[in-house]
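What follows draws every value from the coordinates through simple rules; no lab data is involved. Everything quoted here is computed from the prediction, not taken from an experiment. Using ideal geometry, Cβ is built from the backbone for each residue, glycine included, and neighbour counts are taken over all protein chains shown.
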Amino acid sequence: MTGDALACEVEAQCDRLDVPANQIVRLAWLVRADLRGDEAPDATLPDWFGCWWSIEGRREYPAWAGHASSGRESLFELVPNWPNYRRFGMTRALHYLWQRRTDLQQAFAVSNPSGLWQAIAWFFTHGVREAGIIDGIDETTLAELDLTPPFLPLQPSASVDQPALTWLMFFVWRCAAELQTRFDLRTRNGQTDYLHWFLLEGVPTLELAPLLAPRWCHWLGQKVSLKGHSARPVSRATLLLWQRRAGLQRAFDLRKPDAWVELARWEQQVWYVEPALSWLGAPSVRRPTAEQD
């Protein structure tokens, strides 16, 4: 019986029987001689194989995945003896991906701090989505991603309604030279412009909604109006979009009260089809709690 045939047979048996989760991963080890190499079938499972199962194996053997724990909770554990800051460092998942992808090895010299930070930024900006583990990030790491880096203090402003940038936002900025050139995060205007770009373009384009704290949906969904206007308000997300698009400004002259009514009607019509807004209603979005509403 070939390895593929054996895998199919074992998968069929697992689908009929209540096989313990730890045995499912062991069975995957047994049938994947191409991954075991010189390791004995009864050898202790190496750490990398747990990463392989959580990232790749569950997709290759979907019927088995329903019987075994995902193991994803360990993917974001920090690898010992690597530099780290709080929850950010060489995670088991990043280490696994970097070791098996020559493109990452060529792009990130993780032996030096700058290269490691660049790899960490890539991991949260692109890696977790590419590896299919974005929905497996633990709550502690998600909370850390929503904190403000100590080197990015909120610049002084007359407005008190401007949230500070987060680690996730910084990682996305760090990953793209074009963003670093376009947005100077040392200035208040640079931070504000980048925040708006991130929420209206970065999140939907990079599919980062599952990583955002619920407070951002709450903030974007709040009803607001331009300073000095008492007309019918629209969501902050729509007003920010209006401020960024000359076409919307030409279509809706908000100096006129009737234009606010038209903009609110436009918002209702396009909310689920306009990419800058529709991601707020996606199932993957983490919703605000009742206390936040």
How do Leu152, Leu116 line up, fewest other C-beta atoms within 10 Å first? Leu152, Leu116
Quick check on the exposure proxy: order Ser111, Ser235 from fewest to most C-beta atoms within 10 angstrom. Ser111, Ser235
Give the whole-number value, in cubic angstrom per residue, of the convex hull volume spanned by the C-alpha atoms of the range 71-156. 111 Å³
Under 20 Å from the 7 Å Cα→Cβ point of Glu178, by amide nitrogen: which residues of the range 184-211? 184-185, 190-209
Charges at C-beta only: +1 for Lys and Arg, -1 for Asp and Glu. How large is the resulting dipole of the range 126-208 about its Cα centre, in Debye rounded to 20? 400 debye
Please state the equivalent ellipsoid semi-axes for the range 88-218: what are the square roots of 5 times the Cα gyration tensor eigenvalues, largest first, in whole Å? 26, 17, 13
Quick one: length gained pulling Trp48 to Gln243 fully straight, 0.36 nm per residue minus the C-alpha distance? 65.4 nm
Residues Trp53, Trp48, sorted so that the one with the fewest Cβ neighbours within 10 Å comes first: Trp48, Trp53
